[in-house]
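Reviewing the structure listed below.
The values are calculated or read from the model by the stated rules, or taken from the named source; none is laboratory data. Just so it is clear, the model here is predicted, and its values are computed rather than measured. So basically every Cβ, Gly included, is an ideal-geometry build from the backbone, and we count neighbours across all protein chains shown.
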Amino acid sequence: MTNLNVFSFFSNKVIEDFNCYLGIYSEIFLITTLSLLLIFLVILDFIYKFRLILSKIAANLFSLILVLTGFLVNNNSSNFFIFDYLLIQDNFSIFVKNILLFSLFCCILMSYTYIAFEKIVQYEYYILLGLSFLGLFTIVMSNDLITMYLGIELQSLSFYVLAATKVHSNYSTEAGLKYFILGAFSSGILLFGSSLIYGFTGTTNFYDLQLLFINSSIPSDLMSGILLGSIFITVGILFKLGAAPFHMWLPDVYDGVPTSITAIFAIVPKISIFALLLRLSLNFFSSNLFFWHQVLAYSALLSIIIGTLGALYQVKIKRLLAYSAISHVGFLLLGFFTFSNFSLFAMFFYILVYIIISLNFFAILLSLRKRDNNLKFKRINEFVVLFKSNKLIAVNLSVILFSIAGIPPLVGFYSKFYIFVSAIKIGVYLVAFIAAILSVIASMYYIRLIKLMFFKDFNYWTFLIEIPKVNSLIISGTFFFNVLFFCYPEIVVVFIFNNVLNVFY
């Protein structure tokens with residue numbers, strides 16, 4: 001090789017590596033700043049020992065890091081394959097990252113007062129949130145079974161510790177332990193399925209698997225091994241979503257962890273897992289979509305049934321929200337069952353609406369606290385004092401509950417309507433009918449809350465503390481989105497449809 005050829009080879013290699021890093025410099029910025037923040041806080045903790053002040057410093061600096069990461073994500077180069085096709089950076093991943101940033105930023109802002117009242121003064125709380133967020137980014141960009149597993153594990157390991165953040169609470173410790181044991185078991189299933197796929201095909205890349213399935217006639221015994229690996233991967237992902245019949249951990253974890261962590265668990269990670277499912281279904285599962293659709297159909301219907309019927313008998317607020325989340329996951333999985341451009345749009349529209357409604361509900365739940373003893377609301381029957389104590393919040397919460405129930409013309413009606421239309425379009429009328437009936441039954445436990453707030457007599461009076469200003473802004477913004485969506489629906493609809501189509505083209 002001549003000197004010129006050597007120079008050309010190394011220069012091309014440098015350009016290729018540089019282009020790889022162009023696609024992930026927002027992630028590089030995030031991990032670098034988190035490392036520096038951790039070192040800075042550990043040094044301050046060693047010198048001064050003022051953990052309350054350190055927690056506030058960590059909260060403010062982490063919020064700033066999220067804002068700067070958001071700027072970098074939106075100025076990032078798209079349509080990159082990174083590290084030899086292990087990761088992909090495209091317009092769809094940027095779209096999902098923006099939703100993740102928005103939801104996590106709102107969760108942090110509306111949790112400030114709650115964290116102060118509950119005396120959660122660990123600055124590690126925000127470092128773990130940042131690491132879990134990096135894992136979610138990796139999941140969204142995954143183009144390989146290896147990066148998929150690493151992203152899920154980085155997110156899950158951080159969540160295990162966050163679940164047990166309140167170290168002096170037995171409930172929090174128990175929830176963290178349950179989440180860790182069952183989560184580790186599901187991760188093992190996911191890893192075992194990935195190892196089976198690699199053993200039978202010799203590759204873990206999504207695109208390579210797609211080409212292998214399209215261009216090769218795979219022997220039946222080999223295909224049986226691939227299907228077995230696919231089943232294990234599907235089970236692992238459904239567990240992470242909390243879909244039935246792998247939902248057992250969800251009510252206990254939601255109820256046991258601090259409410260600020262429950263909000264993050266309920267709002268933030270779902271869209272990243274569904275983005276991963278979309279990439280898997282377009283590449284890895286494209287050759288056996290019938291099998292894939294049947295599994296998702298059974299899981300979707302079972303999730304809606306268990307989530308609906310389970311919520312009817314709950315007396316604790318967070319357990320009610322857990323079963324409601326299981327039901328919502330079932331509706332989202334129906335989008336994959338029908339699997340068309342319109343159904344995928346319906347699914348991501350449903351996720352966006354679910355995030356906004358959940359932000360409103362949790363902003364209220366994190367703010368409701370009795371003035372005389374600073375106790376938070378834990379049970380459903382405690383909402384009986386809300387209308388007398390704060391009429392505006394009671395009216396807002398009623399509108400949000402009607403929206404979740406799917407009452408027109410609120411935005412929750414449109415989200416369920418699009419899911420039902422996507423099912424009807426491909427002729428699965430029975431599935432659409434069952435889901436609609438269960439949706440009507442589910443409205444009962446939302447209406448029960450409204451009945452408690454407005455029509456239930458009580459013999460005592462409770463004054464509530466003031467709603468924090470940040471929480472008020474989040475409540476107001478999400479409320480007006482729910483009420484006024486029908487005036488200009490095309491803005492949101494066109495925006496989501498265009499970003500979902502970026503996966504196909």
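Given the criteria of a type outside the set (Gly, Ala, Ser) and under 30 Å from LEU430 (Cα atoms), does PHE337 qualify?
yes
All of (1) assigned to a loop (DSSP other than H, G, I, E, B); (2) without any contact (Cβ under 8 Å) to a residue 40 or more places away in the chain; (3) over 26 Å from LEU302 (Cβ atoms) hold for GLY427 with one exception: (3).
Conditions tested, residue by residue: (1) under 19 Å from LEU104 (Cα atoms); (2) not aliphatic (A, V, I, L, M).
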| position | (1), (2) |
| --- | --- |
| LEU129 | yes, no |
| SER132 | yes, yes |
| THR138 | yes, yes |
| ILE146 | no, no |
| LEU150 | no, no |
| SER156 | yes, yes |
| PHE159 | yes, yes |
| TYR171 | no, yes |
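Might you check whether a residue that is in a helix (DSSP H, G or I) and surrounded by fewer than 24 Cβ atoms within 10 Å (Cβ to Cβ) occurs anywhere in the stretch 366-378? Checking the stretch 366-378: not a single residue is in a helix (DSSP H, G or I) and surrounded by fewer than 24 Cβ atoms within 10 Å (Cβ to Cβ). Might you let me know whether the stretch 243-256 holds any residue that is over 22 Å from SER299 (Cα atoms), touching a residue at least 40 places away in the same chain (Cβ under 8 Å), among the charged types (D, E, K, R) and in contact with a Lys or Arg (Cβ under 6 Å, 6 or more places away or on another chain)? Checked against the condition, which is being over 22 Å from SER299 (Cα atoms), touching a residue at least 40 places away in the same chain (Cβ under 8 Å), among the charged types (D, E, K, R) and in contact with a Lys or Arg (Cβ under 6 Å, 6 or more places away or on another chain), the stretch 243-256 yields at least one hit. The numbered conditions (1) assigned to a helix (DSSP H, G or I); (2) modelled with pLDDT under 90 are all true for ASN76 except (1). Scanning the stretch 36-52 for residues that are within 14 Å of GLN122 (Cβ to Cβ) and surrounded by fewer than 14 Cβ atoms within 10 Å (Cβ to Cβ) yields LYS49, PHE50, LEU52.
Taken together, the criteria place VAL421 among residues that are exposed (fewer than 15 other Cβ atoms within 10 Å of the Cβ), part of a helix (DSSP H, G or I) and not basic (Lys, Arg).
Scanning the stretch 321-331 for residues that are within 15 Å of the chain's Cα centre (by Cα) and more than 15 Å from PHE239 (Cβ to Cβ) turns up LEU321, SER324, SER327, HIS328, PHE331. With a requirement of 3 or more residues that are within 26 Å of the chain's Cα centre (by Cα) and under 24 Å from ALA423 (Cα atoms), the helices (runs of 4 or more DSSP H) lying completely within the stretch 191-303 that satisfy it span 220-241, 270-282.
What's the total number of residues in the stretch 353-378 that are of a type in the set (D, E, K, R) and farther than 20 Å from PHE265 by Cα? Residues meeting the conditions: 4.
The C-beta contact set for the stretch 143-156 (first residue on the phi > 0 side of the Ramachandran plot and modelled with pLDDT under 95, second residue surrounded by fewer than 22 Cβ atoms within 10 Å (Cβ to Cβ) and not in a helix (DSSP H, G or I), distance under 6 angstrom, 6+ apart or interchain) is empty. Going by the conditions given, is PHE137 of a type outside the set (Gly, Ala, Ser), within 13 Å of the chain's Cα centre (by Cα), over 14 Å from VAL67 (Cβ atoms) and part of a helix (DSSP H, G or I)? Yes, satisfied. Out of LEU4, LEU68, LEU37, one residue alone is modelled with pLDDT of 85 or more and more than 23 Å from the chain's Cα centre (by Cα). It is LEU37. Would you check which residues across the stretch 277-315 are surrounded by fewer than 22 Cβ atoms within 10 Å (Cβ to Cβ) and either among the aromatic types (Phe, Trp, Tyr) or touching a strand residue (DSSP E or B) at 6+ places or on another chain (Cβ under 6 Å) (or both) and list them? Correct list: PHE290, PHE291, TRP292, TYR298, TYR313, VAL315.
Table: residues versus (1) buried (at least 20 other Cβ atoms within 10 Å of the Cβ); (2) among the aliphatic types (A, V, I, L, M).
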{"residue": "GLU382", "(1), (2)": "no, no"}
{"residue": "ASN396", "(1), (2)": "yes, no"}
{"residue": "ILE400", "(1), (2)": "yes, yes"}
{"residue": "SER403", "(1), (2)": "yes, no"}
{"residue": "GLY427", "(1), (2)": "no, no"}
{"residue": "LEU430", "(1), (2)": "no, yes"}
{"residue": "VAL440", "(1), (2)": "no, yes"}
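Annotation: of all residues in the stretch 374-396 being under 16 Å from GLU466 (Cα atoms) and aliphatic (A, V, I, L, M), the one that is modelled with the lowest pLDDT is LEU375. Restricting ILE465, ILE424 to those that are over 25 Å from the mean Cα position of the chain (by Cα), farther than 30 Å from ASN283 by Cβ and at pLDDT 85 or above reduces the list to ILE465. Here THR338 fulfils each of the conditions (1) farther than 20 Å from THR234 by Cβ; (2) buried (at least 24 other Cβ atoms within 10 Å of the Cβ); (3) at pLDDT below 90 apart from (1).
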